[in-house]
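Participant: Handing you this structure, nothing more for now.
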Amino acid sequence: MQKILMDVDTGIDDALAIAYAAALPHVELIGITTTYGMAPVDFSYRNTCKILEYAEVDVPVWKGAENPLTRTRAYSGRIHGTDGLGNTLGPVEAPVATRHAVDAMIEHIYKYKSELTIVATAPLTNLAMALAKAPEIAEMVGRVVIMGGAVMTVGNVTKFAEANIIIDPEAASLVFGSTLPITMVGLDVTRKTLLTARDVKRWRDGGSKLAQRLAPSAQFYLDAYKELHPYLPGCALHDPLAVGVAAYPDLVRTIPMFIQVDLEEDALGRTTEDLNRTGKAEPTTRVSVQVDADRFMNDFFHRIG
Ligand code: BDR
Ligand code: CA
């Protein structure tokens, strides 16, 4: 069994990613840390609890960072709704969060060491805080799959930057500047895995119980995408692909690179290769540059039902 800890800002595609991870038979979802991102952390925490209830699995959830390391966050609700789930959340019975997500993350890295894969599909604040508190975890954890960034394509917030990186660029810079064994799953590959109106209709009309429960949020995401990117035939499965890469590493072709995150305002959050290769002997980040999209999509639909 592959042990996975997810770090999320649920978020509609985070919700799909959680449902997918919970449905993978060779994955043991050992816990989920939550943070702000597409909605405030209170929403992302409750959304995560709700999706786990939909998926009928019992997985611990912890609440983490409420803000970026040094910046403030404003929420538009444009792509994920004001509640993060396309305004479909409704009442949720979430347990009172007791431990901080950062402590839970460090504890689980200590417990499972190289057996553990972290899948981060949110701004990287929790991970950066964990590294600041316990820098030794960089050498302990098995792998960190990060949905974030773009190397060969344009961003989705500015022409340079992807959302999870630009929301907390200082955190992203710390994480990519560390020796964590990172697999970056950025827009270069996630824009090739699209959920279409036909797929969502199939979920709504004849999908599994889980698929039918996810369909209204997915429809919101699809509609928001259509408005923003009318030329695309669907909405990107960013976060589910990160889970896919954690579960099946050969889904993507990767290239080792030193990734640096721009902190200058004119290119804030841009992820580029540091051609000077400053600091480290060998790159510990592998950047996904190609994906077997058909294989991923087939597995994703098969598992969600
Ligand atoms: C990332 O930002 C959020 O909108 C998604 O959940 C994903 O993690 C894509 O840029
Ligand atoms: Ca996300």
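Computed from the coordinates by the stated procedures, all read-outs in this text should not be read as laboratory data. The model shown is predicted, which means the values in this text are computed figures rather than measured ones. Please note: Cβ atoms are built from the backbone with ideal geometry, for glycine as well, and neighbour counts cover all protein chains shown.
Participant: Under 20 °C and 1.002 mPa s, how fast does the range 230-276 diffuse according to Stokes-Einstein, given a Kirkwood radius computed over C-alpha pairs? Answer in µm²/s, whole number. Each step should come with its number before you reach the end.
Facilitator: On the way: Rh = 13.6 Å.
D = 158 µm²/s.
Participant: Compute the normalised compactness of the range 81-197: alpha-carbon radius of gyration over 2.2 N^0.38 Å, N being the residue count. Working shown, then result.
Facilitator: Details: Rg = 16.0 Å, N = 117, 2.2 N^0.38 = 13.4 Å.
Taking N as the residue count of the range 81-197, the ratio is 1.19.
Participant: Follow-up question, since we're still on this one. Can you pull the semi-axes for the range 1-108, root of five times each eigenvalue of the Cα gyration tensor, sorted largest first, whole Å?
Facilitator: Numbers: eigenvalues 89, 57, 30 Å².
Those come to 21, 17, 12 Å.
Participant: Just want the ordering: Ile18, Ile304, from fewest to most Cβ atoms lying within 10 Å of their own Cβ.
Facilitator: Working: Ile18 31, Ile304 21.
Starting with the residue having the fewest Cβ neighbours, the order is Ile304, Ile18.
Participant: Antiparallel versus total DSSP beta bridges in the chain: what percent is that, nearest 5?
Facilitator: Roughly 30 percent of the beta bridges in the chain run antiparallel, per DSSP.
Participant: Could you derive backbone 3J(HN,Hα) for the range 71-80 from the dihedral phi with the Karplus parameters 6.51, -1.76 and 1.60 (θ = phi - 60°), listing whole Hz in sequence and x where the residue is Gly or Pro?
Facilitator: 3J(HN,Hα) across the range 71-80, in whole Hz: 10, 10, 10, 10, 10, 9, x, 5, 9, 10.
Participant: Can I ask one more? What is the fewest-to-most order of Met129, Met105 by other Cβ atoms lying within 10 Å of their Cβ?
Facilitator: On the way: Met129 22, Met105 28.
Lowest count first: Met129, Met105.
Participant: Ok, one more. How do Asp13, Asp223 rank when sorted from fewest to most other Cβ atoms within 10 Å of their own Cβ? Please list the in-between numbers first.
Facilitator: Working: Asp13 27, Asp223 15.
Ordered from fewest to most neighbouring Cβ atoms within 10 Å, Asp13, Asp223 come out as Asp223, Asp13.
Participant: Let me ask another. Based on the alpha carbon coordinates of the chain, what radius of gyration and maximum Cα-Cα distance (Dmax) apply, in Å?
Facilitator: In order Rg, Dmax, the Cα atoms of the chain give 17.5, 54 Å.
Participant: Do the alpha carbons of any pairs in Lys3/Lys133; Lys201/Lys226; Lys50/Lys133; Lys111/Lys133; Lys63/Lys113; Lys3/Lys63 sit beyond 27 Å of each other, and which pairs?
Facilitator: Lys50/Lys133
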